[in-house]
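Below: the structure, in C-alpha cells.
The values are calculated or read from the model by the stated rules, or taken from the named source; none is laboratory data. Because the structure is a prediction, the values reported are computed rather than measured. Because the Cβ atoms are built from the backbone with ideal geometry, glycine has one as well, and the counts that use them run over all protein chains shown. To get the accessible areas, we keep the full protein, side chains included, count just its heavy atoms, and leave off ligands, DNA and RNA. Shrake-Rupley method; radii C 1.70, N 1.55, O 1.52, S 1.80 Å.
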Amino acid sequence: MNIPTVSLSGAAVVGGLLFTLAVVLAMRNGWPPTLAVPDGGYLLGGETETENEKPSGLFRWVTSVDHKDIGIMYIVFATATALWGGTDAMMIRTELLTPGAGPWDPVTYNALFTTHGLTMLLFFVTPAFTGIGNYFLPLLLGADDMAYPRINAIAFWILPPAYLLVRAGLITEIIAKALAVIGFSITSLFALQPPGTGWTMYTPLTTQMVNPQIDLMLLGLHLSGIATLLAAINFIVTIFTERSDDVSWSKLDIFSWTMLTTSGLILFAFPLLGSALIMLLLDRNFGTTFFTVDGGGPLLWQHLFWFFGHPEVYILVLPAFGLVSLILPKFSGRKLFGFKFIVYSTLAIGVLSFGVWAHHMFTTGIDPRIRASFMAVSVAIAIPSAVKTFNWMTTMWEGHIRLTAPMLFCIGGIGTFIIGGVTGVFLAAIPIDLLYHDTYYVVGHFHFIVVGIITFAAFAASYYWYPLLTGRMYDQLLAKVHAWLSIVGTVIAFGLMLINGALGLPRRYATYPEQFASLQQMMTIGAFLIFAGVIIWLYNMIQSYRIGPVVMDADVWNLKSIDQFTREWQWFEERLEERRRKIRGE
C-alpha cells in the first residue's frame, strides 16, 4: 500500500523543521565549517596550514571522522536503542503477568515483540560491537585510524534515520496524540501504526497487511544493512592494510580475529537480506509475485531470511567471543589457553554458519534427507563453540582469579552460554525440534545466547575499558551488584522459559492457559532483575563520568605484573603522560 500524500507532506514539514534546527545549531557552533583536507586536518579559509584541534560542541560530533569519536557515537546510539528495546521487553513481560488480556491489547503486544526483536538484534548489538571495534581496533592494530574514515562516518549516520523509519509508527502516533492534547488534530499522523508482523516478517502476513508503516520498516532495515556492510568493509580493509609493521598475522589479537570473521560473514549475509527486503517491498507495492503462492511461494522468504538470519546469530556472538577471550585472561593471571585453536574455531564457525539455516524450517515439510544434512551441520557447529568454552575454562584453571565486574560478566557469560549452547544442540535434533518448535523453549535458548553471552560481553567491555574511554573510574561495588542481578535474572527469566517450552507453552501469544501463570510471573521477576541491573549500570556510567575518581595511572587493572598491558592501554598511558607534561608546561 502506498503511503498517503498527506503523510508525505507531513514528513516533508517535519524534515524541513529538523533541517532548520540543524542549521541553527551548526551556526551556534561555528558554522560555516572549516574545509577538510585529505590528511584529516582542516583548511582555514584560503590558508594552507592544518589545524589539529577538533571543532567544539555539537559540530565536532556531526562532522568528525575520527574513529574514536565515531566509536563513541555508535556506543551511545546502541545504548539508547537498547533502552528503548528493553522497554519493549518490560512491556511484553508486564502483559504476560496475567493469563488473560493485560494492560496492552493483542495488536500492541504483536507490535512490541516485533520492534523488540528488530531493535535488539539490528540496532543494539550490531552497533554496540561496531562501536567497540571502531574505537579499539585501530589502537590494537597500531593504526592511526580506520582505512576509510569518511565511509566510517557515513555508515554511522545512516543508522539513526534507519531506526526512526523502523519505529516511525509509534513516533507519529505519539506526536499526533501530543498535538491533539493542545487542540491540533492531524489524522494523517495516525496512518502509520506500529508493525505487528513479528521480527521474522513471514509472508504472506507481511505482504497482505495494509499498514504503510511496514514499508517504512522494510526501508529502514535495508538502510541499516547498508550501514552494516560499509562498516564491515572498513574493518576488513583496516585489518588487512593498516596494521603496524610489528603486528603480523601471528600477533593479531583475538578480538581483531573475531571482528575480521564477523565482517566476512556480513559481506555474504547482509546483501541477501537487502535483496529479500526489496523483493518484499515490490510484492507489497507493485504486484510482483516473489513470495506469493503462484510465484516463489511463502517458503522462499523463510529460506532467504534464515540464510541471513542464522549467520546473523554468529555475526552477533563472534565479537562477544572475542571480548571474552580478550578480557578473561587479564583477570585470570594467565595467557589465553589455546590461542590458535580459538582462532581456528572462529573461522570454522564462520564457514559452518552458512550451512545451518534450514534447522529453523524442520516443521515446514522439507525433504527428510535435506533435514538430516542440516541437522548434521547444526550439531557439528557446536564443536568449535565447545572448543572456545573449554579453552576459557582452562585459561582460568589454577589461575589467579580476580572477581572484578568484567570478570564476573565473563564467567557468568560462559555459564549461560553453556546452557544456551546445549539447548541449541537439542533443537538441532529433528525429533526434539518438531516438539519444541515455536514454544518458549526456543525463546529461552535464544535469549541465553543473546543476553547470556552477547550482552554480558558488552557489559564486561564497558567496565573493562571505561577508565580508558572516560579517564575516570566507576563504582566497582555497584558494578558487581549489576553483574549478580544480571546473572540471577537471566537464569530465572530464561531458565523458566525452557521449562515452559518443555511443558508445551507456545510463544508469541498475549494470552495463555491458567496453569502457566506462576512460571510466567516468575519469569517476569527475572526480567525485571535484569532491567534493574541495567538501570544501575546506566546510573554508574553517567555518575562516574561526572564525579568518578580521575585515573592517574593507566595500569588500572595491574596488567603490567602479568605481562598483559596491551596496546590500547599503552596508548592510554602515553595520553596521560602527554597531559602531565602539558600541566607542567613542558
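Can you pull out the chymotrypsin sites (Phe, Trp or Tyr not before Pro) in the range 467-529 that DSSP calls coil and that have at most 14 other Cβ atoms within 10 Å?
Sites meeting the loop and neighbour criteria: Y509.
Please list 239-252, 366-379 highest first by mean number of surrounding beta-carbon atoms within 10 Å per residue.
Per-residue Cβ counts within 10 Å, averaged per peptide and sorted highest first, yield 366-379, 239-252.
Would you mind working out the accessible area per residue for the chain, using a 1.4 Å probe, and quoting it in Å²?
44
Is the shape of the range 62-188 best called rounded, prolate or oblate, per the rule: a/c under 1.5 gives rounded, else a/b larger than b/c gives prolate, else oblate, with a ≥ b ≥ c the square roots of the Cα gyration tensor eigenvalues?
It is oblate, given that a/c is not under 1.5 and a/b is not larger than b/c.
Return the long-range amide H neighbours of T439 (sequence gap of 5 or more, or a different chain), with a cut-off of under 5 Å between placed amide H atoms.
Counting only residues 5 or more places away or on other chains, the set is R507.
How do M522, M473 stack up against each other in accessible area, from largest to smallest, with a 1.4 angstrom probe?
M522, M473
Name the lysines eligible as straight-distance cross-link partners of K560: C-alpha to C-alpha under 23 Å, and not fewer than 8 places from it in the same chain.
K251, K330, K335
With just the Cα atoms defining each centre, how far is the range 275-301 from the range 189-262? Give it in Å.
21
Take the alpha-carbon centre of the range 376-443, take the same for the range 484-530, and report the distance between them in whole Å.
20
Would you please give the FRET efficiency between L97 and E577, computed as 1/(1 + (r/R0)^6) with r the Cβ-Cβ distance and R0 = 51 Å, to the nearest 0.05?
Plugging the Cβ-Cβ distance into 1/(1 + (r/R0)^6) gives 0.40.
Once the other residues with Cβ under 13 Å from the Cβ of W257 are scored (Lys, Arg +1; Asp, Glu -1), what is the net sum?
Taking every other residue near W257 into account, the sum is +3.
Of the listed peptides 430-437, 475-482, 317-324, 273-280, what is their order by residue-averaged count of other C-beta atoms within 10 Å, with the highest listed first?
So the peptides 430-437, 475-482, 317-324, 273-280, ranked by packing, come out 317-324, 273-280, 475-482, 430-437.
Given an 8 Å cut-off on Cα distances and at least 6 residues of separation, report the relative contact order of the chain as a percent.
In percent, rounded to a whole number, it is 13.
Hey, got the dipole for the chain? About the Cα centre, +1 on K and R Cβ, -1 on D and E Cβ, debye to the nearest 20?
So the dipole magnitude of the chain works out to roughly 780 debye.
Could you tally the net charge around F136, taking each other residue with its Cβ under 12 Å from the Cβ of F136, Lys/Arg +1 and Asp/Glu -1?
0
Just check the range 473-586 against the gyration tensor rule for me: Cα atoms, a ≥ b ≥ c as the square roots of the eigenvalues, rounded for a/c under 1.5, and otherwise prolate or oblate depending on whether a/b exceeds b/c.
Cα axes put the range 473-586 in the prolate bin.
List the relative contact order of the range 314-429 as a percent without decimals, with contacts defined as Cα pairs under 8 Å and 6+ residues apart.
Contact order relative to length: 40 percent.
Order 71-81, 561-571, 458-468 from most to least packed using the mean count of other Cβ atoms within 10 Å.
Peptide ranking by packing, descending: 458-468, 71-81, 561-571.
Report in % the part of the accessible area of the chain that belongs to carbon and sulfur, leaving out ligands and nucleic acids; probe 1.4 Å.
Within the chain, the accessible surface is 69 percent carbon and sulfur.
Just to be sure I understand the rule: take each whole DSSP H helix in the chain, project its Cα atoms onto its long axis, keep it if the span is 24 Å or more and its mean Kyte-Doolittle hydropathy is at least -1.0. Which ones pass?
Counting only whole DSSP H runs, the qualifying helices are 5-28, 67-95, 149-166, 213-241, 254-286, 298-327, 405-428, 476-502, 517-547.
Between beta-carbons, use under 12 Å as the cut-off and find the net charge around N540, counting Lys and Arg +1, Asp and Glu -1.
+2
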